[in-house]
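Here is the structure we will look at, set down as structure tokens.
We did not get these values from a lab; they are worked out from the coordinates using the rules stated. All of these numbers come straight from a predicted model, not from anything done at the bench. Using ideal geometry, Cβ is built from the backbone for each residue, glycine included, and neighbour counts are taken over all protein chains shown.
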Amino acid sequence: MYQEFFKFAALPFSLTPNPNFFCQLKGHQEALNTVEFCIHSGEGFIKIIGEVGSGKTLLCRKILEHLDDQFVTAYIPNPDLTPIEIRKAFAREIGLDPIKWQDQHELLTALYQHLITLHAHGKKIILLIDEAQALSDEGLETIRLLTNLETENIKLVQVILFAQPELDQRLNQEKLRQLKQRITFSYRLPLMNRDDLDTYLNHRLAKAGYTHGNLFTTHAKNLLFRASRGIPRIVNILSHKALLVAYGKGIQQIDHHAMKMAINDTESAKLSFINRSKWLIGISLLITMILALFFMPGI
């Protein structure tokens, strides 16, 4: 809706985890470097922990994009699966048809033989699991057992878990101690600081093709940082809404008034000093007005 108004080539603050918009913030780049080092050195288990909205899925997609033909990747974005479903999903991702093997022992045998074949052709197999905190205890044990598939000198499967901090709490359970001992490298994604926010906004706007000066005033960015707490997803949500407000008002820059309206329309944003009742109109009404104008006959 506002893309043409601001002369964007693409929407800069979409919530879709597009690797093209990956920003090399210090924390995210360190996480990427850690993963790349681990997979090239053959480490069996890697864990990336991050708060909700911190960019774990985008990092995962960036890693998938970054890996060359030397790697065969299996990506499980929704791990709320039974152990049988996990094994079948893994088999399907690496090129096997799990329907051929109804018996689980036969499926594991087929998996092992296929992994041996891939290894013989110089391939490395990487299993990436997003939202790994959603795995059941039985699912976590299934993943651990997959890493038991090995030759005399190498693990046939490397695993990267992307999860919220709840996973760390669960791994402290006695019954999961074997899995915890398998994790050789762990990294926690930091949230953005104030300088990171400037870098992040400039990067996404540049990727979206924006070349018309400072889109956000300093006051607006200060409000954005305080309300988002440095969480990339909330930064995207608030920036998108603030752009809607500016578009509705016909102004070319995001000022603190537009940002306040975006913040007050977003439950996940926090600004204690703002009197929300002062902004009763809300961005929802503004969007309704824009839509009404947009679809009026003759417009």
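List M1, M259, M192 from most exposed to least, where exposure is judged by having the fewest other Cβ atoms within 10 Å. Spell out each step's value before the answer.
Working: M1 13, M259 27, M192 24.
So the ranking, lowest neighbour count to highest, is M1, M192, M259.
Using C-alpha pairs below 8 Å separated by at least 6 residues, the relative contact order for the chain is 24 percent.
Taking a ≥ b ≥ c as the square roots of the Cα gyration tensor eigenvalues, with a/c under 1.5 meaning rounded and otherwise prolate when a/b beats b/c, else oblate, which class fits the chain? Taking the square roots of the gyration eigenvalues as a ≥ b ≥ c, the chain is prolate. Axis angle, to the nearest 10 degrees, between helix 218-228 and the longest C-alpha principal axis of the chain: 40 degrees.
For a Förster distance of 41 Å, can you work out the FRET efficiency between the beta-carbons of N153 and N18, rounded to the nearest 0.05? Can you show the working numbers first?
Details: r = 39 Å, r/R0 = 0.95.
Using R0 = 41 Å, I get an efficiency of 0.60.
Tell me the net charge near R188. Cut-off is 11 Å between Cβ atoms, R188 excluded, with +1 for each Lys or Arg and -1 for each Asp or Glu.
Values: positive: K47, K56; negative: E30, E51, D168.
Summing Lys/Arg as +1 and Asp/Glu as -1 gives -1.
Couplings 3J(HN,Hα) of region 156-170, computed from phi: 7, 10, 9, 10, 10, 9, 10, 8, 7, x, 4, 5, 4, 5, 5 Hz, in residue order, whole Hz [Karplus 6.51 cos²θ - 1.76 cosθ + 1.60, θ = phi - 60°; x for Gly and Pro]. Remark: H40, H105, H203 ranked as H105, H40, H203, counting other beta-carbon atoms within 10 Å and listing the fewest first.
As a proxy for reagent exposure, F216, F90, F37 were ordered by neighbouring Cβ count within 10 angstrom, fewest first; the result is F37, F90, F216. Once the Cα-Cα distance is subtracted from the 0.36 nm per residue extended length, the T217 to T109 segment shows a gain of 32.8 nm. Cross-link pairs exceeding 23 Å between alpha carbons, from the set K7/K207; K100/K155; K62/K123; K207/K270; K47/K207: K100/K155; K207/K270; K47/K207. Remark: relative contact order (region 26-188) = 38 percent; criterion is Cα-Cα distance under 8 angstrom and separation of 6 or more residues. Between the residues T34, M261, M192, the greatest Cα displacement towards the positive end of the dipole of the chain, with unit charges on the Cβ of Lys, Arg, Asp and Glu, is found for M261. Largest GNM mean-square fluctuation among H212, H256, H28, using the chain with Cα springs under 10 Å: H212.
Charge tally for A134 (other residues, Cβ to Cβ under 10 Å; Lys, Arg +1; Asp, Glu -1): -4.
For F216, nonlocal amide neighbours, meaning residues 5 or more places apart or on other chains whose placed amide H falls under 5 Å from its own, are I254. One Cα centroid belongs to region 244-266, the other to region 118-136; the line between them spans 43 Å.
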